[in-house]
Amino acid sequence: MLSANVEKITPSQVELVDTKLSQQVQTTVAEVGKALLGKDHQIRLALCCLFSGGHLLIEDLPGMGKTTLSYALAKALGLSYKRIQGTSDLLPADILGISIFNQTTSEFSFHPGPIFSQLVLADEINRTTPKTQSALLEAMEERQVTIEGETRMLPEPFFVIATQNPVTLAGTYPLPESQLDRFLMRLRLGYPDQRAERELLEMNTERDKVEAVNQCLSLEDVIAFRRQSAEVTTSDSLLDYVQRLVAFTRGKDEFHFGLSPRGSLAIMRSAKTWALMCGRNHVVPEDVQAILPSVVEHRLRATSDDEGHSGASLVQRLLNEVDIIE
Amino acid sequence: MELNYQIPRPALIWTLAAVTLVLLPQSIRMPIWISVVALLCVSWRALIHNGKLDYPSRRVRVVVVLFTLIVSLSQIRNIGIGLDSAASLLALGFVFKLIEMRKKRDIYVVISLCFVMSMVAFLYSQSVLTTLYVVLVITVTMAAMIALNRSSSAANHSGTAKLAMKISVQALPLAIVLFIVFPRIAPLWAVPMQTGVNSTGVTDEMSPGDISQLARSAELAFRVQFEDAVELAHEQLYWRGLVLDQFDGVTWRRTRNSSSYSRAASLANSRISYEDRVRTLGESVNYNVILEPTQQPWLFGLHLAEDINDEFFSGRNFELFNDGRITQRLSYDLRSHLQSQTDFLLLSSSRNRNLELPDDVNARSLEFARELRASVSTDREYVNSVLAHFRMNQYFYTLNAPLLGANRIDEFLFDTMAGFCEHYASSFTYLMRAAGIPARVVVGYQGAEMNPYENYLMVYQYNAHAWSEVWFEGEGWVRFDPTGAVSPTRIELGVQEALRDDPAFMEDDLFSAAIFGGVGWLNTMRLRLDAIEYEWNQLVVNYDEEVQLELFEGLLGEVTKQKVIILVATLALILIVTIGFTVINIERRIQRTPINRFYLRACKELAKVNLVRRRGEGPIAFRDRVCAERPEFAEVLTELTGLYVELTYVEKSVSETQKKAELQALKAVYAKLKTEMPVLAGLRRAG
């Protein structure tokens, strides 16, 4: 049930205009797709998130390919990569790093933690204690860490892909809304379809598939994407549409709270990147609709819902009830 | 410790203005000292606001209450419980409330009182002018409310006034609808109206000088409109009021042996049935009379007026009476047979009454009458010779008749020879009775002014007149007007012409209309204004339960419960829908660009062949879906969508002409879609 929503709300087909960028995206998707079968749309969304410079939260049941996706992405983009496994005894220092007294030199020397890499995979983030979570999330927001009074910059680009199990499972510390808000997108992978699953069964182990992913984008390409996506234009009609979408979530009884300005900015940022990835230099409503579920779902909650899993149906309402023309 | 609330200055200004405006028309009728008290209170409140004075202390307030009490009691003692005393009590309480207006709640009380007080004006007058004035007062009161609730930063007087006017105008349609459909319910209680007011118009007693006094007034007495555009000559317009048949040497009176105003008495009087007394001849004329309030029960009509709707009862001498004094403008329909004859048979009691003369006075006149009667053979000839006497001798028609002594008739006939119609009617009737011919005086009005704009007649107080009726064997009562013998102009052209050079005529009205009647445009304006007033009376003031019912019957046929329910429901629905639309419009007015309009129209066209763009579906997604479902539409829709997306979502700077060209292109594609539609739809069916 949790993962069934994604297919339903994805637009029929992604319209592609042949440009250099869109071709690059196409090859990357194909490359990552080698590791994660039949999940092209999710791969595309994950790329969109990274190209927009946002952090990504992947939420699904164990064994759905969350880690595979992040591994494959790191490889395809050629980014330095570290993984943090979230457990309840993980301490902030385990993520950020620690100064150790070196007896030979009689000095403290800093041993950077896994956070100091371009792509950080924070696995099972909701299994760590809130204290550790907040250390990680602070680093995500500030893009710098302060350890023992010394501020250290994180590498550029800096991405965090966090995965989490649905909070309904035992032994988890659900992320509060304010911290969920830090993630540009939340993805759900969902079960593979029949054909992909068959293919998967016919193949070797997962690890082999990730090995097969080749780097197809350089660091410069990623930075170029981020720069160009800022130049994508938005017309008045489109801004009107986005404003109506946002306004729809505010001041209604069924919405526990409306979208924040940060939320609407996230929509615009992702939609622009999406348009660029489709090879366009302007945003159309379909772009907004494509990214809307993953950008907005984790920022919304129905009034009647205590656990924060009603976002998907609310987004469906948004898509179905707010027309592109007033 | 209560907070020291300061009423916002604009709100106070508007409220004080509203209070002043409300009291202004009443100050004319109220004792002058109430206006002074009101003025004091208004200035006191203004000074409190400026910090010059303090709110009244408890002692002052007790004194004020006692003062009001004493004043009210004394007023009730002087003029009785009535409209005037009630209105002045209300006004006093109203102005005293001003000086203890501290909190927001108090100012709301004053504003609500303003609304109530403004309605008091309608108890005195329901003219167009009053109505307009009350609308003004209500608008100002509304402005006070607006000023009270506006934040001080947004408060400028013109904005407040504009908003108040806007609200008033918006309320107008609702007011009209309510005016038409709101049920007219008879009041559960009534205040005796205007007890202190003197009656106006012709009275049931006529002493010399009474009517000439009336002739000095240019007040309107009544308006008349004839059915079927009947036009009567001026000399036919004798508006009969009362028959006076008792003479004591000075005053002519109505006989009131039994209270003639009561229904029972009038029934007893007509022992001879109506049909036996009247012989109707010639054509009848129907007309409507709107009588100004006279504070008297009698009505005016032409010769032998018959009341069509059977609302009134008629007196012994075919006078008409209302049931009670006429305190409000009264409209009634009459039918008159101008040539009819009445009372061929004169009962002996009646004959005696109409021959009675006071003893021991006017000996010369008696002698004159007997001699003259002896010189002619018939009563008719006698009448003619008396009229000839008036015509031949130097009788003078004037408002300023000299004072007369004990033998009034004698002195007038033979010495002073100058008088107004009452002198002529009186002496003529006296001469008839002296010769043994039954005769009586009739008072009423003669003549009228035509208002060409609405085709009705206006009868003024200066048209008041007295004439005589003489009884002949076989003919009944016949009207004779001795004034006509003296001054034919009076009867044929009207009193204005007859008294053109008499300075006393209408001297009560300094700026009277008739004086300025000579100035063309002023006269036109006067007639127009009166025409408006007339229409207003016809349409608005006279709109009572009956007219309402008639209107509904005219619109709906017979009024049944279901129809009333349907009507009310419909009106409620219209009201709700109107309010709904207004609210929606206020919330937001959707203004679509022409591009969006054309795209939506195209979508509508496609919806006809079951290709409905879903709510929230983007143009590209829609196109893709249509292309998959109905490939025959692919070409035209792709063109349309491409253009639409280009125009709507691609941000670029274009000139106005380019924009126009683009819109033209979209229009062209839309037109193409429309023309190809049937063909494409047919393709599918054929396939």
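When the Gaussian network model of chain A links Cα atoms closer than 10 Å, the mean-square fluctuations of A:147, A:95, A:58 top out at A:147.
With one equal scatterer per alpha carbon and no solvent term, the Debye-computed log10 I(q)/I(0) for the protein assembly as shown at 0.05, 0.06, 0.10 1/Å reads -0.62, -0.73, -1.18. Taking 4 °C and 1.567 mPa s as conditions, segment A:178-326 diffuses translationally at an estimated 74 µm²/s according to Stokes-Einstein applied to its Kirkwood radius (Cα pairs).
Shown for chain A is the translational diffusion coefficient from the Stokes-Einstein equation, using the Kirkwood radius over Cα pairs, a temperature of 37 °C and a viscosity of 0.692 mPa s: 160 µm²/s. Bridge orientation summary for the protein assembly as shown: considering DSSP beta bridges with both residues in this region, about 75 percent are antiparallel. Computed on the Cα atoms alone, the convex hull of chain B gives a volume of 296 cubic angstrom per residue.
Output the 0 to 90 degree angle, nearest 10, between the alpha-carbon long axis of helix A:236-249 and the longest principal axis computed from the alpha carbons of chain A. The angle comes out at about 70 degrees.
Its Cα centre serving as origin, segment B:594-686 has a Cβ charge dipole (Lys and Arg +1, Asp and Glu -1) of approximately 440 debye. Using R0 = 45 Å, the C-beta based FRET efficiency linking residue B:27 and residue B:415 works out to 0.35. Most simply put, segment A:11-321 has about 40% antiparallel DSSP beta bridges, counting only bridges with both residues inside it. Compactness of segment B:594-686 is given as radius of gyration and Dmax, 13.4, 46 Å, from Cα positions.
The DSSP beta bridges internal to segment B:205-521 are antiparallel in roughly 95% of cases.
Taking every DSSP helix (H) stretch of at least 4 residues in chain B, weighting each as -39,500 (n - 2.57) and dividing the sum by the residue count yields a mean residue ellipticity at 222 nm of -16500 deg cm²/dmol. When peptides B:167-178, B:421-432 are ranked by their average number of other Cβ atoms within 10 Å per residue, the highest-first order is B:421-432, B:167-178.
Over 20 Å between Cα atoms, which of B:608/B:674; A:34/A:75; A:209/A:272; B:608/B:660 qualify? Listed pairs above 20 Å: A:209/A:272; B:608/B:660.
Over 30 Å between C-alpha atoms is what I'm after, so list which of B:52/B:104; A:39/B:667; A:66/A:252; B:166/B:667 land there. Pairs exceeding the cut-off: A:39/B:667; A:66/A:252; B:166/B:667. Extending 7 Å from Cα along the Cβ direction at residue A:281 and again at residue B:540 yields two label points whose distance is 6.8 nm.
Since every read-out is calculated from the coordinates, none of them should be taken as a lab result. What you are looking at is a predicted structure, and each value in this text was computed from that prediction instead of being measured. Ideal geometry is used to build each Cβ from the backbone, glycine not excepted, and the neighbour counts take in all protein chains shown.
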